[in-house]
Amino acid sequence: MEFIDTLDTLERERFLKALRLRERGVEPYPPRVTRTHTIAETREQFEQGKDLGAVTLVGRMTANRWTGKITFADIRDGTGRIQLFLRQDNLGAETYKDFLKDFDLGDFVQASGTLFKTKTGEITVQVAEIIMLAKAVAPMPEKFHGLTDKETRYRQRYLDLMVNEEVREVFRARQRILTAMRAYLDRSGFIEVETPALQPLYGGALAKPFTTYHNELKRDLYLRIADELYLKRLLVGMFERVYEISKDFRNEGVDATHLPEFTMMECYQAFGDLSDMMKVVEDIFVECALAAQGALQITYGEHQVDLTPPFARVAMRDAILEKTEIDIYVDDTFDALNARIEEKHLRVEPQLSWGKLVEKLFGAYVEPTLIAPTFVIDFPTDISPFAKKKPDDPRVTERFEIYVAGAEYGNAFTELNDPADQWERFMEQQGNRARGDAEAQQMDDDYVQALKHGLPPTGGLGMGVDRLAMLLTNQHSIRDVVLYPQLRN
RNA sequence: GGGCCGCUAGCUCAAUCGGCAGAGCAACAGCCUUUUAAGCUGCAGGUUCAGGGUUCGAUUCCCUGGCGGCUCACCA
């Protein structure tokens, strides 16, 4: 069995061309290239009237228009596209013929020559020499319709990136968003840290984990569902402001807004509280929107959204009251709220607690209506095991989530730092677990021990980076802002 | 996990009621010295996702499975 036996008809044809080149003493995969300018630089400098003389450009050949003894070809590099003009009279009959025979769409080439404008005004390289840099054995996707099959786009992302330029721009924008976020946090005094992805106890969020096993230690380990508890321990250790941007893993459903691994930013500010985190959220939205789109007025699907601070804020109770005419502070027990929901014939799945019912009501009747950036505050205590209770109403916590265009982008609290209260919350979670809540927190004695040493009053925030990238690049599936989204095998 | 839709040439897509498997691009053999999805002539290209069933005959109808998409539920 030879390599060539693994190739289909089209690939074989192209592979034979590579062999032919080699027979002529031309290496189809040379180790080094010459490049005097990028394509973008070439265009820019030519338009400025600069005489560049002879240039040597490199790129992938993406189009080919030949009319007998001349050929127009397009090459693209990472910066742009430019047209090549190849003429038999310039290259010589033999070389020109070899070019026609052995160069294909998709090949990386190096072209040298001088610049001119065609009669239609297009900047073009009059090619004196063209060299193969890397022979493409497999053919490119079709040039006009491109590649649209989503499965191929995700599984062979390089093809998607190769032919769909707007896809490359989405990922450039994603990188600008991350860079802007880091720059903001860095200059605001937050220190970037790294905490364990493999954890003996998972925590910091309500979610189902992935489990793995360490052979030498002979124990189960979990992939982190959040960074929270490790980051807050650092504040016990006297760091004042920390953040981490990392992958979290949750063993749950996959859909347009959920993947099993996703990127989360978490930051914690000692001597801060909820209102400080609101400022951080507003600042991050501003910085990232400007980095991604250069404007605070953005389009997301059918919505026009203005990200200019200050963002609106509304209490969970008031928002639910307005949409459903249910006052969760009147029906402030599980049984009462359940009865009220049935009485009003609202469609809410069975839940295990008052707080989860509130969360469901909110998700079904309020969340989709929150288009302009809005902080929703005062979340039920039993679904907020790490948030400090409101001093004047222990049913709810000093917690907000930020909503834009009907979706959540971040979650923040005034962090719970009372070790006794935290211990009781863990116990409550264990009760929930016993009653069948697979997402309930496990008791984390080590974390309580840390709190016993004193966590300063702290504001903490988590933001979904993929979701933010979706919002700011107008993408409606998380798979379109993640280079290699998880698919079935 | 449930419901719905899809899977045909390398890519983008057709195929009427169940009756020989088709086109464009790409490729191949040619023509053509300023093209822009270049054009023209010719030629080739298939496990119709897989397996099973019904039928004289299945891309088409039925069943099972795989993969993908949308949606509902859950979660960020």
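The values are calculated or read from the model by the stated rules, or taken from the named source; none is laboratory data. Keep in mind that this is a model prediction, so the values were computed, not measured. Counting neighbours? That spans all protein chains shown, and the Cβs are built from the backbone with ideal geometry, glycine included.
Determine, yes or no, whether A:His476 is within 25 Å of A:Gly272 (Cβ to Cβ), in the same structural domain as A:Ile284 (by TED's automatic domain parsing) and either out of contact with any Asp or Glu (no Cβ under 6 Å at 6 or more places or on another chain) or not aromatic (Phe, Trp, Tyr) (or both). Against the criterion (within 25 Å of A:Gly272 (Cβ to Cβ), in the same structural domain as A:Ile284 (by TED's automatic domain parsing) and either out of contact with any Asp or Glu (no Cβ under 6 Å at 6 or more places or on another chain) or not aromatic (Phe, Trp, Tyr) (or both)), A:His476 does not qualify.
Would you confirm, using the coordinates I've provided, whether A:Thr67 is at pLDDT below 95, surrounded by fewer than 14 Cβ atoms within 10 Å (Cβ to Cβ) and among the polar types (S, T, N, Q)? Here the answer is yes, as A:Thr67 does meet what is asked.
Mind listing just one residue for me: the one in segment A:170-190 that is free of Cβ contacts under 8 Å to residues at least 60 places away in the same chain and part of a helix (DSSP H, G or I) and, of those, farthest from A:Ala270 (Cα to Cα)? Among those that are free of Cβ contacts under 8 Å to residues at least 60 places away in the same chain and part of a helix (DSSP H, G or I), it is A:Arg172.
Condition check: farther than 18 Å from A:Leu206 by Cβ, at pLDDT 95 or above, surrounded by 14 or more Cβ atoms within 10 Å (Cβ to Cβ) and more than 14 Å from RNA strand B (Cβ to nearest atom). Does A:Ile377 satisfy that? The answer is yes for A:Ile377. What is the number of the single condition among (1) more than 24 Å from A:His37 (Cα to Cα); (2) more than 7 Å from RNA strand B (Cβ to nearest atom) that A:Thr71 does not meet? Of everything listed in (1) more than 24 Å from A:His37 (Cα to Cα); (2) more than 7 Å from RNA strand B (Cβ to nearest atom), A:Thr71 misses just condition (1). For A:Leu161, the conditions (1) modelled with pLDDT of 95 or more; (2) surrounded by fewer than 19 Cβ atoms within 10 Å (Cβ to Cβ); (3) within 30 Å of A:Tyr484 (Cβ to Cβ); (4) aliphatic (A, V, I, L, M) all hold with the exception of (1). Inspection of segment A:58-65 identifies no residue that is among the hydroxyl-bearing types (Ser, Thr, Tyr) and more than 15 Å from A:Ala134 (Cα to Cα). Look at segment A:121-150: where a residue is of a type outside the set (A, V, I, L, M) and a partner is surrounded by 13 or more Cβ atoms within 10 Å (Cβ to Cβ) and in a loop (DSSP other than H, G, I, E, B), sitting 6+ places away or on another chain with Cβ atoms under 6 Å, you get A:Lys135/A:Pro28; A:Lys135/A:Asp107; A:Pro141/A:Leu147; A:Gly146/A:Asn164. Report yes if A:Ala412 is more than 26 Å from the chain's Cα centre (by Cα), among the small types (Gly, Ala, Ser) and outside any loop (DSSP other than H, G, I, E, B), otherwise no. In short, no.
Residue pairs whose Cβ atoms lie under 8 Å apart, separated by 6 or more positions or on different chains, with the first residue in segment A:64-76 and under 14 Å from A:Val109 (Cβ atoms) and the second of a type in the set (Gly, Ala, Ser) and more than 6 Å from RNA strand B (Cβ to nearest atom), are A:Asn64/A:Ala73; A:Ile75/A:Gly59; A:Ile75/A:Ala111; A:Arg76/A:Gly59. Could you list, in sequence order, all residues of segment A:102-118 that are in a strand (DSSP E or B) and near RNA strand B (Cβ under 8 Å from one of its atoms)? Hit for segment A:102-118 is A:Phe116, nothing else. With A:Arg182, A:Arg168, A:Arg187, A:Arg172 as the choices, which residue is outside the structural domain of A:Tyr29 (by TED's automatic domain parsing) and either crowded, with 19+ Cβ neighbours inside 10 Å or in contact with a Leu (Cβ under 9 Å, 6 or more places away or on another chain) (or both)? Just a single option satisfies the conditions, and that option is A:Arg168.
So, A:Gly121, is that one among the small types (Gly, Ala, Ser), closer than 26 Å to A:Phe171 by Cβ and near RNA strand B (Cβ under 9 Å from one of its atoms) or not? So A:Gly121 fails the test.
Restricting attention to segment A:205-245, the residues that are surrounded by fewer than 15 Cβ atoms within 10 Å (Cβ to Cβ) and assigned to a strand (DSSP E or B) total 6. Anything in segment A:359-399 that is in a loop (DSSP other than H, G, I, E, B) and closer than 12 Å to A:Ile328 by Cβ? List them, or say none. Passing the criteria: only A:Val366.
Within segment A:423-456, the set of residues being within 33 Å of the chain's Cα centre (by Cα), closer than 29 Å to A:Gly253 by Cα, part of a helix (DSSP H, G or I) and touching a residue at least 12 places away in the same chain (Cβ under 8 Å) comprises A:Arg425, A:Phe426, A:Gln429, A:Asn432, A:Tyr447. Taken as a whole, segment A:23-38 holds no residue that is in the same structural domain as A:Asp104 (by TED's automatic domain parsing), part of a helix (DSSP H, G or I) and surrounded by 14 or more Cβ atoms within 10 Å (Cβ to Cβ).
From the list A:Leu84, A:Leu52, which one is in contact (Cβ under 8 Å) with a residue 12 or more places away in the chain and under 27 Å from A:Phe15 (Cβ atoms)? A:Leu84 is the lone residue from the list that is in contact (Cβ under 8 Å) with a residue 12 or more places away in the chain and under 27 Å from A:Phe15 (Cβ atoms).
Taking every residue in segment A:407-421 that is assigned by TED's automatic domain parsing to the domain that holds A:Val448 and pairing it with any residue that is surrounded by fewer than 17 Cβ atoms within 10 Å (Cβ to Cβ) and hydrophobic (A, V, I, L, M, F, W, C), at least 6 positions away or on another chain, the pairs with Cβ-Cβ distances below 7 Å are A:Pro419/A:Val448.
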